[in-house]
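Participant: Please see the structure below; I have some questions.
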Amino acid sequence: MLEKPLSPNDQRLGAVMAALRSAGAKRVLDLGCGEGKLLRELLKEKQFNEILGMDVSVRSLEIASKRLRLDDLPSFQAERIKLIHGSLMYRDKRLAGFDAAAVVEVIEHLDPPRLSAIERVLFRHAKPQTVVLTTPNAEYNVMWETLPAGNFRHTDHRFEWTRQEFQSWATGIGGQDGYSVRFVPVGPEDDKVGSPTQMGVFTRE
Ligand code: SAH
């Protein structure tokens with residue numbers, strides 16, 4: 001039987017999970033967790049013994065809670081996971097003391113002038129050992145025939161960055177607070193335009 005190729009979403013989830021796993025993280029934040037796709041994967045693996053999902057959208061948190069059936073989990077599972085309402089724009093004590101944070105397809109939803117808040121809130125105050133952050137690679141958009149030139153992948157994206165733009169932002173933001181960053185292409189890689197998703201893995205030195 002032929003296996004279905006993984007969708008871009010599944011490839012991204014797989015890459016984020018691999019990065020969190022290999023960082024040896026046990027206590028993990030999912031910032032901008034949305035409807036809980038990553039949370040579900042995290043729950044499946046025992047390594048992750050404390051999982052905190054945060055989102056600014058109450059509606060998304062409700063959907064996540066339903067999809068994960070948080071109300072029906074046996075207590076040993078329910079104790080591992082918590083969902084909270086909050087924003088990456090504001091310093092938050094609840095985010096301190098974690099090994100790793102995932103920020104998956106979130107930054108492109110923020111206004112560029114407000115992006116620097118992430119530096120303060122995540123890298124300076126919450127400061128997990130590892131941050132795994134993904135965003136679309138704008139260069140790859142030419143590979144999708146259905147996407148008219150110059151358009152974003154989703155109408156609620158405020159921006160989409162080239163690899164150069166992402167890498168210079170990530171290196172700058174990490175450098176201010178003692179993080180080094182490596183960049184990992186996620187999904188099929190084209191010689192010219194790279195891969196659909198770009199991922200930065202930040203490590204506190
Ligand atoms: N990480 C999820 C959702 C990505 S969509 C996934 O990969 O499926 C972007 C998410 O970021 C949305 O759920 C949105 O509500 C959330 N978000 C946007 N601005 C935010 C902010 N300031 N703080 C926290 N979450 C935010």
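Participant: Can you give me the long-range amide H partners of residue 101? Hydrogens built in the peptide plane at 1.01 Å from N, cutoff under 5 Å, separation of 5 or more residues or another chain.
Facilitator: The answer is 29, 130, 131, 132.
Participant: Within a Cβ distance under 10 Å of residue 160, other residues only, what is the Lys/Arg minus Asp/Glu net charge?
Facilitator: Details: positive: 153, 158; negative: 108, 139, 165.
Local net charge: -1.
Participant: Of the listed peptides 6-15, 143-152, what is their order by residue-averaged count of other C-beta atoms within 10 Å, with the highest listed first?
Facilitator: On the way: 6-15: 16.1, 143-152: 9.9.
Ranked by mean Cβ neighbours within 10 Å, highest first: 6-15, 143-152.
Participant: To continue, here is another question. Cα-based count: Lys pairs in the stretch 8-204 below 30 Å, eight or more positions apart or different chains?
Facilitator: 26
Participant: Now for a separate question. If contacts are Cα pairs under 8 angstrom and at least 6 residues apart, what is the relative contact order of the chain in percent?
Facilitator: Values: 358 pairs, mean separation 39.2, N = 205.
Over the chain, the number comes to 19 percent.
Participant: Taking K and R as +1 and D and E as -1, what net charge do the other residues with C-beta under 13 Å from the C-beta of residue 13 add up to? Please list the in-between numbers first.
Facilitator: Numbers: positive: 12, 21, 37, 40, 44; negative: 10, 30, 35, 41, 45, 105.
Taking every Cβ under 13 Å from that of residue 13, the sum is -1.
Participant: Taking other Cβ within 10 Å of each residue's Cβ, how do 132, 103 sort, fewest first? Mind showing how you got there, number by number?
Facilitator: Details: 132 26, 103 22.
Result, fewest neighbours first: 103, 132.
Participant: Starting from 0.36 nm per residue, how many nanometres of slack lie between residue 162 and residue 4 once their C-alpha separation is accounted for? Kindly include the intermediate steps, with their values, before the conclusion.
Facilitator: Numbers: separation 158, 0.36 × 158 = 56.88 nm, distance 2.89 nm.
Value of the extension gain: 54.0 nm.
Participant: Moving on to the next point. Enumerate the residues in the stretch 102-139 having an amide nitrogen under 15 Å from the point lying 7 Å beyond the Cα of residue 154 toward its Cβ.
Facilitator: What the label zone holds, given the 15 Å backbone N cut-off, is 103-111, 134-138.
Participant: Further question on the same structure: Find which of 174, 77, 5 sits farthest along the positive direction of the dipole of the chain, computed with +1 on the beta-carbon of Lys and Arg, -1 on that of Asp and Glu, about the Cα centre.
Facilitator: Result: 77, furthest along the dipole toward the positive end.
Participant: Here's a follow-up. Fewest to most neighbouring Cβ within 10 Å: what's the order for 190, 71?
Facilitator: Working: 190 15, 71 8.
Going from sparsest to densest Cβ surroundings: 71, 190.
Participant: Could you please report the charge total around residue 198, scoring K, R as +1 and D, E as -1 over all other residues with beta-carbon less than 14 angstrom from its beta-carbon? Can you show the working numbers first?
Facilitator: Working: positive: 12, 153, 163, 182; negative: 105, 108, 139, 160, 165, 189, 190.
Its environment carries a net charge of -3.
Participant: How would 48, 183 line up from fewest to most surrounding beta-carbon atoms within 10 angstrom?
Facilitator: Numbers: 48 22, 183 14.
In increasing order of surrounding Cβ atoms, one gets 183, 48.
Participant: For the stretch 114-157 and the stretch 42-80, what is the separation of their C-alpha centers, rounded to whole Å?
Facilitator: Here the two parts' Cα centres lie 24 Å apart.
Participant: Only four residue types carry charge here, +1 at the Cβ of Lys and Arg and -1 at the Cβ of Asp and Glu. Report the dipole size of the stretch 52-205 about the Cα centre in Debye, rounded to the nearest 20.
Facilitator: Values: 19 positive and 21 negative charges, 132 e Å.
Computed charge dipole of the stretch 52-205: roughly 640 debye.
No value in this document is a laboratory result; all are computed from the given coordinates. Remember, it's a predicted structure, so these values are computed and weren't measured experimentally. Neighbour counts run over all protein chains shown; Cβ positions are idealised from the backbone, glycine included.
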